[in-house]
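The values are calculated or read from the model by the stated rules, or taken from the named source; none is laboratory data. In this text, all values refer to a predicted model and were calculated from it rather than measured experimentally. Note: ideal-geometry Cβ built from the backbone for every residue, glycine included; neighbour counts use all protein chains shown.
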Amino acid sequence: MQENHNLNKNLNNLDNNLDIDQIMQTIRQEIKEKKLDHVILDFEEIPFQQEAGNPDGSPFQLDSLQQSMEYLSIRSQIDPYKQPIEGNFLIKFVKKVLRKLMKFYMMPIITEQNALNLHTANAVRQTNQYILSRTESDQMNLSEFVSRMDTLELKQSADRQEIQALRSQVRALTAENEQLRRRLS
């Protein structure tokens, strides 16, 4: 009981210490200092944190694509009657009647949006599959390329040794040819 009395007393003191006119004057002063008088921001000017995406132009990230694909797959269908009808009998009745009256207008929009969502989710899924298959294909091509490159390097090394041997033979034959010419002359 004593605690409630002290709490009420503290709240009354707090109410007495608050000067709403002074707070409003401070807010108005800040608005004038920031030159925000009668400025209405466009929607594009409102700062916000983006949930997903690649707004800064950073390189492609497969994990981000897969997260978006999962999100689209889970949330591709819109349920028109997601919210249960709550309230007393009269409010429930009115809401049900309004729901029935708006159904002719809302259902085609929801059906079209669901179709668009499904196609978008499928496109993202197909893009992901294409990227994964290309990555696997590139890995196979890379391993084939490395194997082929190793084979060509070995062949090149063997060819160099053969060329060196042939050059040695040519020098020996040239020297022998010179000796034969000297003898014949």
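All of S64, S68, S143, S157 fail the test of being in contact (Cβ under 8 Å) with a residue 24 or more places away in the chain and of a type in the set (G, A, S), apart from S68. Would you say N122 is under 30 Å from Q77 (Cα atoms), assigned to a helix (DSSP H, G or I) and in contact with a helix residue (DSSP H, G or I) (Cβ under 6 Å, 6 or more places away or on another chain)? Here the answer is no, as N122 does not meet what is asked. Checking the range 80-92 against the condition returns a match, with at least one residue being outside any helix (DSSP H, G or I) and either under 29 Å from L62 (Cα atoms) or of a type in the set (D, E, K, R) (or both).
For the range 99-122, what are the residues that are more than 30 Å from L62 (Cβ to Cβ) and either at pLDDT below 85 or surrounded by 11 or more Cβ atoms within 10 Å (Cβ to Cβ) (or both)? Walk me through how you get there before you give the answer.
Pass one, the range 99-122, residues more than 30 Å from L62 (Cβ to Cβ): 99-112.
Residues satisfying the conditions are R99, M102, K103, M106, M107, I109, I110, T111.
Would you point out which residue out of E33, E45, E51, E3 is at pLDDT 75 or above and out of contact with any Gly (no Cβ under 6 Å at 6 or more places or on another chain)?
Working: E45 fails: at pLDDT 75 or above; E51 fails: at pLDDT 75 or above; E3 fails: at pLDDT 75 or above.
Exactly one of E33, E45, E51, E3 is at pLDDT 75 or above and out of contact with any Gly (no Cβ under 6 Å at 6 or more places or on another chain), namely E33.
Annotation note: Cβ proximity below 8 Å between a residue of the range 123-139 that is surrounded by 10 or more Cβ atoms within 10 Å (Cβ to Cβ) and a residue that is small (G, A, S) (sequence gap 6+ or interchain) occurs for V124/S68; R125/S73. One residue stands out in the range 55-76 among those that are among the polar types (S, T, N, Q) and exposed (fewer than 13 other Cβ atoms within 10 Å of the Cβ): the one that is modelled with the highest pLDDT, namely Q67.
Can you tell me how many residues in the range 128-159 are among the basic types (K, R) and within 30 Å of Y71 (Cβ to Cβ)?
Going through the range 128-159 one residue at a time, the tally reaches 1.
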